[in-house]
Amino acid sequence: MECRLCSHPSTHKHGRAPNGSQRYFCPQCKQTFNERFDTLYYHRHITPEQIRQVLQAHSEGSSLRGISRTSLLAYNTVVSIVRAASQQAQLVHNAEVQAVQTGEVSADELWSFVSKNRSNACPRS
């Protein structure tokens, strides 16, 4: 397994965490980490199913306080899950968008929006 901290190609098993997940040790950076490191589940004391429910409710437009009430989780926990998922999604999005090759870009809606707002804008002096 590759080290998730320094990207060293060779790590070895280093026991198990109290929750039962496999721990790994990197000989290069001398750090230990587990399977869940750098995921939404790292350092969380809730199940992956609860995280999935929170994210699904958020994507359907429920308020954060409403999700907190229905899932019986603390408001700050819900906010933390949504923020972590947002950061992970932003990383994936940025990696995918940078790989896209474009020749032309169509901006019809943008230009119609700009031209509509120009008529409402104050003239420059």
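The values are calculated or read from the model by the stated rules, or taken from the named source; none is laboratory data. Note that this is a predicted model, so its numbers are computed, not measured. Please note: Cβ atoms are built from the backbone with ideal geometry, for glycine as well, and neighbour counts cover all protein chains shown.
Among the residues of the range 48-58, none qualifies, meaning not one is surrounded by 10 or more Cβ atoms within 10 Å (Cβ to Cβ), at pLDDT below 75 and closer than 28 Å to residue 6 by Cβ.
Among the residues of the range 48-71, those that are among the polar types (S, T, N, Q) and in a helix (DSSP H, G or I) comprise 50, 53, 56, 59, 68, 70, 71.
In the range 74-94, which residue that is part of a helix (DSSP H, G or I) and more than 13 Å from the chain's Cα centre (by Cα) is surrounded by the fewest Cβ atoms within 10 Å (Cβ to Cβ)?
So the residue we want is 76.
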